[in-house]
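The values are calculated or read from the model by the stated rules, or taken from the named source; none is laboratory data. Here the structure is a predicted model, which means the values were calculated and not measured. Please note: Cβ atoms are built from the backbone with ideal geometry, for glycine as well, and neighbour counts cover all protein chains shown. The protein model used for the area step is the full one, side chains on, heavy atoms only, and it has no ligands, DNA or RNA in it. Shrake-Rupley method; radii C 1.70, N 1.55, O 1.52, S 1.80 Å.
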Amino acid sequence: DTGVSQNPRHKITKRGQNVTFRCDPISEHNRLYWYRQTLGQGPEFLTYFQNEAQLEKSRLLSDRFSAERPKGSFSTLEIQRTEQGDSAMYLCASSPYTDTQYFGPGTRLTVL
Amino acid sequence: AQTVTQSQPEMSVQEAETVTLSCTYDTSESDYYLFWYKQPPSRQMILVIRQEAYKQQNATENRFSVNFQKAAKSFSLKISDSQLGDAAMYFCAAGAGSYQLTFGKGTKLSVIP
């Protein structure tokens, strides 16, 4: 069990650019979650996959955001036309068929 | 829909002493779960303890225990024999259904040597 991994750990981009983050869940965890955490706040739910199916999306996930989980393994989160308000820590978590979620280290995005 | 409120933005405790972090929640679900997560500075979120709402018995994990008051919708975390490594942000969270978690804003715990 190597834990949830996320890449890159840090990303600095200019406003208007596209960025993509990757999450590798714990092996055999069928549920995968994305959260966003801004400074001084708790994480906020973005989206949820069960295997390869995206089952829930938060209203926070605007049409500039898209997430995929091909083959039910790793997941990617893409942000198109980044804005300064997108600057945050993006957290990924995975879970087996239970309620407990295990978090990765996060990707810190800075939009200049 | 769920809401989680942590009313203490910051707390401090002397090393080896006991501290209690407060959390209240609201949910329309009848079957739900409650969690405390720890987030050390620049490090990832770690599960501290979980509580199943249908269980009356309070969960414990070594030096960590909860006081779960279901009628009052209260879920506080007690840390006994505080250690320097306990210094972190602590988040209370609630989950139900597909288990997406709703987090509070966190409490920053400082441990004084």
Scanning region B:97-113 for residues that are facing another protein chain (nearest Cβ under 7 Å) and on the phi > 0 side of the Ramachandran plot, the one modelled with the highest pLDDT turns out to be B:G106
Exactly one of A:L39, A:L61 is under 17 Å from A:M89 (Cα atoms) and over 15 Å from the mean Cα position of the chain (by Cα), and that residue is A:L39
Original post:
Does region A:51-58 include one or more residues that are outside any strand (DSSP E or B), open to solvent by 10 Å² or more (accessible area, probe 1.4 Å), within 12 Å of chain B (Cβ to nearest Cβ) and in contact with a Phe, Trp or Tyr (Cβ under 9 Å, 6 or more places away or on another chain)?
Top reply: yes
Q | Test result for B:K105, touching a residue at least 60 places away in the same chain (Cβ under 8 Å) and in a loop (DSSP other than H, G, I, E, B) | A | yes
Note on region B:74-96: residues more than 10 Å from every other protein chain (Cβ to nearest Cβ) and among the small types (G, A, S) are B:S74, B:S76, B:S80, B:S82, B:G85, B:A87, B:A88, B:A94
Here the residues within region A:70-104 that are at pLDDT below 95 and in a loop (DSSP other than H, G, I, E, B) are A:S73, A:P96, A:Y97, A:T98, A:D99, A:T100, A:Q101
Exactly one of A:R31, A:R36, A:R15, A:R108 is in contact with an Asp or Glu (Cβ under 8 Å, 6 or more places away or on another chain), within 14 Å of chain B (Cβ to nearest Cβ) and charged (D, E, K, R), and that one is A:R36
Flagged in region A:74-93 as without any contact (Cβ under 8 Å) to a residue 60 or more places away in the chain, closer than 15 Å to A:F21 by Cβ and out of contact with any Phe, Trp or Tyr (no Cβ under 7 Å at 6 or more places or on another chain), in numbering order, are A:F74, A:D86, A:S87, A:A88, A:M89
Reported set for region B:91-110 where residues are open to solvent by 20 Å² or more (accessible area, probe 1.4 Å) and farther than 14 Å from B:L47 by Cβ is B:G97, B:S98, B:Q100, B:T102, B:K105, B:K108, B:S110
By my count, strands (runs of 3 or more DSSP E) wholly in region B:1-90 with at least 3 residues that are of a type in the set (D, E, K, R) and open to solvent by less than 80 Å² (accessible area, probe 1.4 Å) are none
Per the list (1) at pLDDT 95 or above; (2) crowded, with 20+ Cβ neighbours inside 10 Å; (3) part of a strand (DSSP E or B); (4) not hydrophobic (A, V, I, L, M, F, W, C), residue check on A:Y48 breaks on (1)
A:S27 vs. criteria part of a loop (DSSP other than H, G, I, E, B) and modelled with pLDDT under 90:
no
Residues that are within 9 Å of chain A (Cβ to nearest Cβ), under 12 Å from the mean Cα position of the chain (by Cα), closer than 23 Å to A:P105 by Cα and of a type in the set (V, I, T): does region B:32-46 have at least one?
yes
